[in-house]
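Q: Could you have a look at this structure, given as structure tokens, before my questions?
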Amino acid sequence: MDVARFPDCVKLLDHLGLYLRDHAKVRILVISENGEPLVDVNSWEVMEKLHKLAEPERFTHIRLQKSPAVEFLLFEGQFQDREIMSYVIRQMNNTKFKAQGSNVILTVKIKEDGYEYPTVEEWETYFKTINGRKQWQECTPGERADTVIIKNLPTKWFSLDSNNPKPCERFLKDALALFGQIRKVDYEDCVEDGEVSDDVTSLGNQFGIPVTFNAYIQYQNYASFKAAMGGLKGKQLMRLFPGQKPTFSPFVVDYDRAGFMADRAHKIRKAERERLAEEAKRKHDAYMLQQNELMKKQMEKRQKKKRKLEEKRERDKVRERERERE
């Protein structure tokens with residue numbers, strides 16, 4: 001599949017096949033026609049029915065929202081693009097079907113999922129409050145509106161090494177420089193899978209590999225920060241290589257209120273990472289030394305055994321020659 005099929009996409013990193021596409025997310029409410037509780041309704045069977053109702057189109061992602069309510073089932077769904085989303089909404093909304101194994105008639109209510117997004121007024125008010133009458137240029141980097149947070153990015157999509165994936169800061173800089181000059185970047189691993197597709201979560205947290213991460217992008221000036229906040233609004237991440245199917249991953253955008261990218265906090269994290277890296281190197285070197293010593297002892301043991309075997313063979317040959325002379 002070629003990128004030309006997606007005219008709304010914006011290129012981030014061509015060599016990694018990374019693009020921005022319009023958000024195409026829906027909320028699906030499944031309720032009984034007569035308001036009956038759905039305690040005996042199997043949510044997985046309902047989800048399968050939703051897949052069938054969407055045909056010939058398909059969800060790129062769908063999941064059941066956690067809810068204590070028994071009067072309804074709430075699902076989140078994701079589509080490849082807004083055109084498909086609009087078609088499925090028209091096709092599915094207000095459809096009815098019978099719950100498997102019961103006489104309960106279920107009704108589907110589906111609509112585009114609204115999303116919360118920070119506004120210019122929100123961040124300008126916030127930073128004016130904490131910085132008083134200071135102008136933007138007078139505020140310390142990291143304590144002003146300069147850092148965009150992008151949450152739940154797939155780790156292996158931004159990794160140099162697929163066997164030991166961790167985000168590459170250079171890739172982050174190259175991708176997000178689309179909106180302006182970047183001062184520095186940082187990241188933190190996530191413990192949750194987020195909403196990424198099966199292709200992204202296939203590594204699994206059970207192997208100790210961070211599936212997603214939160215990226216912190218600090219821009220040099222307010223104009224670049226504002227451009228990034230506007231440019232990422234209503235978008236999702238797409239990965240596409242020629243001849244392959246696209247994979248999608250929604251993300252969440254916010255701005256840094258905690259001073260995560262303030263110089264002092266950044267230096268502390270950098271020093272801690274260097275300490276941990278040095279400690280890991282020492283442990284690795286100690287392990288390799290131990291393994292080398294073990295291999296050396298095993299080699300010496302094998303050589304000693306070989307010498308003894310050769311000496312025994314030589315003695316046997318001497319005895320054989322002596323018997324022949326007799």
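Q: Pairs under 9 Å by beta carbon, first residue at positive phi in the stretch 20-37, partner open to solvent by 20 Å² or more (accessible area, probe 1.4 Å), six or more apart or different chains?
A: The qualifying pairs are Gly35/Glu71.
Q: Filter the stretch 41-64 down to the residues that are farther than 14 Å from Thr95 by Cα and of a type in the set (Val, Ile, Thr) and list them by number.
A: Val41, Thr60, Ile62
Q: Could you list, in sequence order, the residues of the stretch 138-167 that are outside any loop (DSSP other than H, G, I, E, B) and without any contact (Cβ under 8 Å) to a residue 60 or more places away in the chain?
A: Across the stretch 138-167, the qualifying residues are Glu138, Thr155, Lys156, Ser159, Pro167.
Q: If you don't mind, another one. Please enumerate the residues belonging to the stretch 72-87 that are modelled with pLDDT of 80 or more and assigned to a loop (DSSP other than H, G, I, E, B).
A: Phe79, Asp81
Q: Would you confirm whether or not the stretch 11-34 contains a residue that is over 20 Å from the mean Cα position of the chain (by Cα), exposed (fewer than 14 other Cβ atoms within 10 Å of the Cβ) and farther than 17 Å from Leu237 by Cβ?
A: Within the stretch 11-34, one or more residues are over 20 Å from the mean Cα position of the chain (by Cα), exposed (fewer than 14 other Cβ atoms within 10 Å of the Cβ) and farther than 17 Å from Leu237 by Cβ.
Q: Mind telling me which of the residues Val41, Val46 ends up being open to solvent by less than 60 Å² (accessible area, probe 1.4 Å), assigned to a loop (DSSP other than H, G, I, E, B) and more than 25 Å from Asp8 (Cβ to Cβ)?
A: Exactly one residue qualifies, and that residue is Val41.
Q: For the list (1) in contact with an Asp or Glu (Cβ under 7 Å, 6 or more places away or on another chain); (2) part of a loop (DSSP other than H, G, I, E, B); (3) open to solvent by 60 Å² or more (accessible area, probe 1.4 Å); (4) not polar (S, T, N, Q), I need the number of the one condition that Arg63 fails.
A: Here Arg63 clears every test but (2).
Residues are listed down the side, and each one gets a yes or a no for (1) modelled with pLDDT of 90 or more; (2) crowded, with 16+ Cβ neighbours inside 10 Å:
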| site | (1), (2) |
| --- | --- |
| Lys98 | no, no |
| Tyr115 | no, no |
| Glu124 | no, no |
| Asn163 | no, no |
| Lys166 | no, yes |
| Lys173 | yes, no |
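The values are calculated or read from the model by the stated rules, or taken from the named source; none is laboratory data. Source: prediction; values computed, not measured. Note: ideal-geometry Cβ built from the backbone for every residue, glycine included; neighbour counts use all protein chains shown. Heads up: the accessible areas ignore ligands, DNA and RNA and are worked out on the full protein's heavy atoms, side chains in. Shrake-Rupley method; radii C 1.70, N 1.55, O 1.52, S 1.80 Å.
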